[in-house]
């Protein structure tokens, strides 16, 4: 549940301060715009003869309508079911045959597909990916089989997982209007009633070059990449996209609460506050950066405040997490979640969390504490740029949220300017009851397995 910028890998904490120049020596990045509306971003990194190729569609679960939730994720599955040239199941086999790895993922904001291959094999996967941008071809029988796979995925990941059930209920309670209230995988009833035509309509509506960004990172020449992408993606015709109507979340006017009963070993608590996100064109807004840093103060390292007090000292919870993503297309939450220790109650955990937050509101945080966290951010950025795939992920996810890859360094520079006072101020302003949603898991006894022999 930790934020994107602050997903620390917990390697060495650098003992001396890092200057911003330590991360400014970035590889060369190039941007191109094709006549059909496709955006191409090429990140050169010649340290190893490998390449990551990704295509990002700006269409995720937030673009779905009631009654058809989960269709973005279902279509992701169907993208592997063949085109006019490639048979069902052949896509993955062909990528594996050239020694590559591939997969796809759906989020609230986008759907993305990727392959990572040795650089001499890149043209082959570009050709495959561009083919299914416009030539997807699956029959109803394939859909009927795959929708069962998705429903089973929902059962395993959500309905049989008490933490997932709690989070799902939290989101559905916190949001009234925003489509973020729906799970990415969809509601089960919508999956049960989904038809192949729904997936085809989603594909026809959103899968177009003028709704896509291709990101290529690795040991490549940018002009050669432009020629390849123009050759395969450039021939795909654009089309008019559906109108994206705003679904503005109305102001919350008091605490919301929800209780979930599910088989589990321990009670769980989730507390979520409505907070702002970083808006494109407003990179100098200090509040989202201060909220990011607040998550690290609370849960950015092993001895951060929540873990130190709730787990180690008071022993009221077994684990506690804080999370916030300042970069997204929709409204955001600041989330704290915890699993109760044996013999401890949700009320005790909530009281301890509130006490920890009140300590920050009243007394602020230390300059040395914030400085340590900023060192970790810079360290994490250096580490991330050692990964070909990580660089492509960072570029693509920022582009999908309406930012440019050119903004990434500016964001990190702005993060370095945030003061302890600004972190204290966002805690006082936003972590208040008027914008709070509380979700509690009431653990139920697990059913004993049935002995079919009656013994």
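Rg and Dmax over the alpha-carbon atoms of region 123-266 stand at 20.5, 57 Å. Working note: Debye formula, equal point scatterers on the alpha-carbon atoms of region 26-232, no solvent; log10 I(q)/I(0) at q = 0.18, 0.19 Å⁻¹ is -1.23, -1.31. Kirkwood analysis of region 328-447, using all unique Cα-Cα pairs, places the hydrodynamic radius at 17.9 Å.
When DSSP beta bridges are restricted to pairs lying wholly in region 256-444, around 70% turn out antiparallel.
Reported value for region 233-357: 211 Å³ per residue, from the convex hull of its C-alpha atoms.
Label sites at residue 33 and residue 159, each approximated as a point 7 angstrom past Cα along Cα to Cβ, lie 4.6 nm apart.
The value of relative contact order for region 26-232, using C-alpha pairs under 8 Å at least six residues apart, is 40 percent.
Ranked by the mean number of other Cβ atoms within 10 Å of their residues, highest first, the peptides 299-312, 323-336 come out as 323-336, 299-312.
Across the alpha-carbon atoms of the chain, the computed radius of gyration and Dmax are 23.3, 71 angstrom.
For region 256-444, the relative contact order works out to 41 percent when only alpha carbon pairs closer than 8 Å and six or more residues apart are counted. Kirkwood-type hydrodynamic radius, region 376-455: 17.8 Å, calculated from all non-identical alpha-carbon pairs.
Looking at region 406-445, the pairs of alpha carbons with a distance over 13 Å make up 70% of the total. What nm distance separates the two modelled labels at residue 362 and residue 261, each placed 7 Å from Cα along Cα→Cβ? Placing both labels 7 Å along Cα→Cβ, they lie 3.8 nm apart.
As a rough guide to protection, the peptides 271-278, 362-369 ranked by mean Cβ packing within 10 Å, highest first, stand as 271-278, 362-369. Okay, which of region 251-285 sit inside 18 Å, backbone N to the point 7 Å along the Cα-Cβ direction of residue 444? Counting only backbone N, you get 258-269.
Counting only DSSP beta bridges whose two residues both lie in the chain, roughly 75 percent are antiparallel.
On full extension, the segment bounded by residue 173 and residue 87 gains 26.7 nm, given 0.36 nm per residue less the C-alpha separation.
The slack in the chain from residue 105 to residue 152, taken as 0.36 nm per residue of separation less the alpha-carbon distance, amounts to 15.2 nm.
As a length-normalised measure over Cα pairs under 8 Å and 6 or more apart, the relative contact order of the chain settles at 24 percent. For region 377-416, the C-alpha radius of gyration divided by 2.2 N^0.38 Å, with N the number of residues, is 1.13.
Each of residue 253 and residue 351 was given a label point 7 Å from its Cα along the Cα-to-Cβ line. The distance between the two points is 3.2 nm.
Only the coordinates and a few stated rules stand behind these numbers; no lab work does. Everything numeric in this text was worked out from a predicted model, so none of it was measured. With ideal geometry, Cβ positions are generated from the backbone for all residues, glycine too; neighbour counts draw on all protein chains shown.
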